[in-house]
Amino acid sequence: MGRMKDIVIDLITYEEGQLGDRETLDLFSILVRSGMAWTLQGSYGRTANELIHAGYLTRDGEITPFGEDILAELAA
């Protein structure tokens, strides 16, 4: 139950607009890998699809090298 509680906290923090870029991409990576992105409200699935189509995530939910590069650029 601990990891589920963490995901719920991350979802709430995301909804409040308080997650950084790394945390947001990590969250959507988890949501895609677990399949939750497709069962939550529609905006989560749409955002997951956008991240996949933009090349930040694979269809399996892994963060791509391109995604890592963008995160590194944003952090610099």
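The values are calculated or read from the model by the stated rules, or taken from the named source; none is laboratory data. Worth saying up front: this structure is predicted, and the values here are computed from it rather than measured. Quick reminder, even Gly has a Cβ in these numbers, built from the backbone with ideal geometry, and neighbours come from all protein chains shown. Just so you know, the surface numbers come from the protein's heavy atoms only, side chains and all, with ligands and any DNA or RNA stripped out. Shrake-Rupley method; radii C 1.70, N 1.55, O 1.52, S 1.80 Å.
General observations
- Degrees between helix 2-15 axis and first principal axis of the chain (Cα, 0 to 90, nearest 10): 70
- Those GluC sites (Glu not before Pro) in the chain that DSSP places in a loop and that have at most 12 other beta carbons within 10 Å: GLU16, GLU62
- Label-reachable residues, segment 1-35, where backbone N falls under 17 Å from a point 7 Å from ASP60's Cα toward its Cβ: 29-35
- Sum of side-chain charges, ARG33 neighbourhood, beta-carbon under 15 Å (Lys, Arg +1; Asp, Glu -1): -3
- Options GLY55, LEU27, LEU40, ranked by Cα towards positive dipole end of the chain, top entry (Cβ charges): LEU40
- The chain: translational diffusion in µm²/s, Stokes-Einstein, Kirkwood Rh over Cα pairs, 25 °C, 0.890 mPa s: 196
- Rolling a 1.4 angstrom probe over the chain with all protein chains present gives an accessible area of which 54% lies on carbon and sulfur atoms.
- Helix axis angle, 21-34 relative to the chain longest principal axis, alpha carbon, degrees: 60
- Using Cβ point charges alone (K and R +1, D and E -1), the dipole size of the chain about the Cα centre works out to roughly 340 debye.
- Additional length obtainable on full extension of the chain from LYS5 to ASN49, 0.36 nm per residue less Cα span: 13.4 nm
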